[in-house]
Amino acid sequence: MDGAWITFTSSVTAAAMAATVAYLVPRRLQQRKEAEDERDKAAKEKAEAIELIAKIRTDGTQWMTYLQTVITDTAAGRFVELREFDSKAGELMKNNEVALALASHLGYDLFYSPFTDWMRQVHGNVRAAVAEQSRAKAQEIITETNSFRSYFTPREVITVRLMDEVTGGTRSTAHLFAGTEFDPQRP
């Protein structure tokens with residue numbers, strides 16, 4: 001009976017071990033696959049976020065540069081047709097605003113930010129100067145906007161901050177924040 005008992009317990013133990021292995025191995029493989037899928041998803045979301053931030057940068061820069069070029073030309077007496085301005089500036093504005101609206105998926109509400117509101121206002125002012133073909137109004141806009149230079153820096157700071165958050169702070173950006181509201185040295 002001892003031999004039968006040993007055979008029986010060995011068989012039960014082997015069956016229990018086989019059942020445990022049959023359960024745990026696929027489960028472990030499934031956990032690894034889920035973890036890999038999560039890593040892939042996170043990498044894809046990060047790449048999409050980086051692409052969106054780049055789009056915000058380029059679209060905003062194109063819009064601002066076009067407005068700056070048109071207002072500088074207007075101030076110099078080189079007038080653009082209103083229809084041409086509306087077509088080109090409207091398309092650039094739309095592209096920028098689509099990118100800003102998409103930023104809400106990253107948790108940023110840039111579409112209604114003070115800077116974007118300012119850009120819409122400048123767009124309207126430039127349009128008015130183009131419509132009136134007013135050199136004086138164009139010069140006033142250039143003076144008011146400091147030739148747009150002062151507004152390129154806040155855009156750069158904002159988009160670099162976004163990129164910093166998305167990439168986990170892998171780039172040195174302290175030089176961009178000096179003297180701004182993002183400067184860590186400010187009291």
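The values are calculated or read from the model by the stated rules, or taken from the named source; none is laboratory data. All values reported here derive from a predicted model rather than from experimental measurement. Reconstructed Cβ throughout: ideal geometry from the backbone, glycine too, with neighbour counts over all protein chains shown.
Of all residues in the stretch 90-108, at least one satisfies being in a helix (DSSP H, G or I), surrounded by fewer than 19 Cβ atoms within 10 Å (Cβ to Cβ), more than 16 Å from the chain's Cα centre (by Cα) and of a type in the set (Gly, Ala, Ser). Only one entry in Val126, Val98 is of a type in the set (Val, Ile, Thr) and under 30 Å from Lys44 (Cα atoms), namely Val98.
Restricted to the stretch 109-140, and to residues there that are modelled with pLDDT of 80 or more and small (Gly, Ala, Ser), the residue that is nearest to the chain's Cα centre (by Cα) is Gly124. Which of the residues that make up the stretch 59-109 are without any contact (Cβ under 8 Å) to a residue 40 or more places away in the chain, of a type in the set (Gly, Ala, Ser) and over 11 Å from Val126 (Cα atoms)? Passing the criteria: Ser87, Gly90, Ala101, Ser104, Gly107.
Given the structure, is Thr143 part of a helix (DSSP H, G or I), polar (S, T, N, Q) and modelled with pLDDT under 70? When the stated conditions are applied, Thr143 does not pass them. Is it the case that some residue within the stretch 22-38 is at pLDDT 75 or above, closer than 30 Å to Val98 by Cα and surrounded by 10 or more Cβ atoms within 10 Å (Cβ to Cβ)? Yes, the stretch 22-38 contains at least one residue that is at pLDDT 75 or above, closer than 30 Å to Val98 by Cα and surrounded by 10 or more Cβ atoms within 10 Å (Cβ to Cβ).
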